[in-house]
Amino acid sequence: MADLKIAIILGSTRPGRNGAAVADWVLERAQQRTAADYELVDLADFPLPPLDEAMPPAFGQYAGEHTKQWAAKIASFDGFVFVTPEYNHSTSGVLKNAIDYIYNEWTNKAAAFVSYGSLGGARAIEHLRAISSELQIAHVRQQLSFSLFSDFKNFSEFAPGPQFEDWATTLFDQLESWTAALKSVRAAQLVAA
């Protein structure tokens with residue numbers, strides 16, 4: 001068992017979603033690595049209503065049982081791979097809602113981004129980068145952007161090109177390095193507290 005634990009967060013809950021195949025592809029490659037343990041976290045398994053917490057998430061005073069379960073799940077990870085569709089030039093509402101529910105459980109951790117859409121989902125990643133910065137999530141440069149036109153047969157069967165193998169390796173290398181560094185930062189903060 002590796003010292004680092006990284007979640008692959010599937011950011012779509014739509015029926016027939018393309019994201020499940022993309023997340024499974026990412027997980028298959030991640031499981032071949034030894035520097036971190038990777039786990040798929042499907043937002044469909046965490047049915048969060050629109051944000052319903054009265055207190056700001058930064059206070060960590062969660063009232064809802066659904067929020068407490070989500071917070072505990074995210075707190076158990078050292079880093080994240082966000083797998084996101086692009087809807088209307090941004091990420092999915094369900095992923096944004098899940099991110100907004102909590103705060104401290106995200107901070108001083110690392111993230112990478114994998115997207116899919118008509119333009120590869122690049123605009124969804126740009127929005128997630130801004131959101132991540134506000135939450136103090138350090139995001140790596142390498143990203144994977146899959147086009148519905150060239151990486152899916154008939155816009156539904158995931159069939160990425162071979163170049164993504166090397167790009168995925170770079171993404172994991174960067175993410176594991178940053179995740180390890182930030183785990184040291186969090187450990188030092190605990191000692192100082």
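The values are calculated or read from the model by the stated rules, or taken from the named source; none is laboratory data. No experiment lies behind these values; they were computed from the predicted model shown. Note that each Cβ is placed from the backbone with ideal geometry, even for glycine, and that neighbours are counted across all protein chains shown.
Here are a few things to note about the model shown:
- Any hit, the range 16-36, residues being free of Cβ contacts under 8 Å to residues at least 40 places away in the same chain, more than 27 Å from GLY161 (Cβ to Cβ), among the hydrophobic types (A, V, I, L, M, F, W, C) and assigned to a helix (DSSP H, G or I): no
- Take the conditions (1) closer than 18 Å to ILE9 by Cβ; (2) out of contact with any helix residue (DSSP H, G or I) (no Cβ under 6 Å at 6 or more places or on another chain); (3) surrounded by fewer than 21 Cβ atoms within 10 Å (Cβ to Cβ); GLU176 misses just one of them, which is (3).
- Any chance VAL26 is out of contact with any helix residue (DSSP H, G or I) (no Cβ under 9 Å at 6 or more places or on another chain) and surrounded by 14 or more Cβ atoms within 10 Å (Cβ to Cβ): no
Conditions tested, residue by residue: (1) surrounded by fewer than 20 Cβ atoms within 10 Å (Cβ to Cβ); (2) among the hydroxyl-bearing types (Ser, Thr, Tyr).
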{"residue": "TYR87", "(1), (2)": "yes, yes"}
{"residue": "GLY93", "(1), (2)": "yes, no"}
{"residue": "GLU105", "(1), (2)": "yes, no"}
{"residue": "ALA111", "(1), (2)": "no, no"}
{"residue": "HIS139", "(1), (2)": "no, no"}
{"residue": "SER145", "(1), (2)": "no, yes"}
{"residue": "PRO160", "(1), (2)": "yes, no"}
{"residue": "ARG186", "(1), (2)": "yes, no"}
{"residue": "LEU190", "(1), (2)": "yes, no"}
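- Filtered residues of the range 182-193 (kept if assigned to a helix (DSSP H, G or I) and free of Cβ contacts under 8 Å to residues at least 40 places away in the same chain): SER184, ALA187, ALA188, LEU190, VAL191, ALA192
- Filter result (under 18 Å from the mean Cα position of the chain (by Cα) and of a type in the set (Asp, Glu)) within the range 54-105: ASP78, GLU86, ASP100, GLU105
- Positions within the range 68-85 being polar (S, T, N, Q) and buried (at least 20 other Cβ atoms within 10 Å of the Cβ), in sequence order: THR84
- LEU40 meets the conditions (1) more than 25 Å from SER115 (Cα to Cα); (2) without any contact (Cβ under 8 Å) to a residue 40 or more places away in the chain; (3) crowded, with 16+ Cβ neighbours inside 10 Å in every case but one. The failed one is (1).
- Of the residues ASP42, ASP52, the single one that is acidic (Asp, Glu), under 22 Å from ILE137 (Cα atoms) and at pLDDT 95 or above is ASP42.
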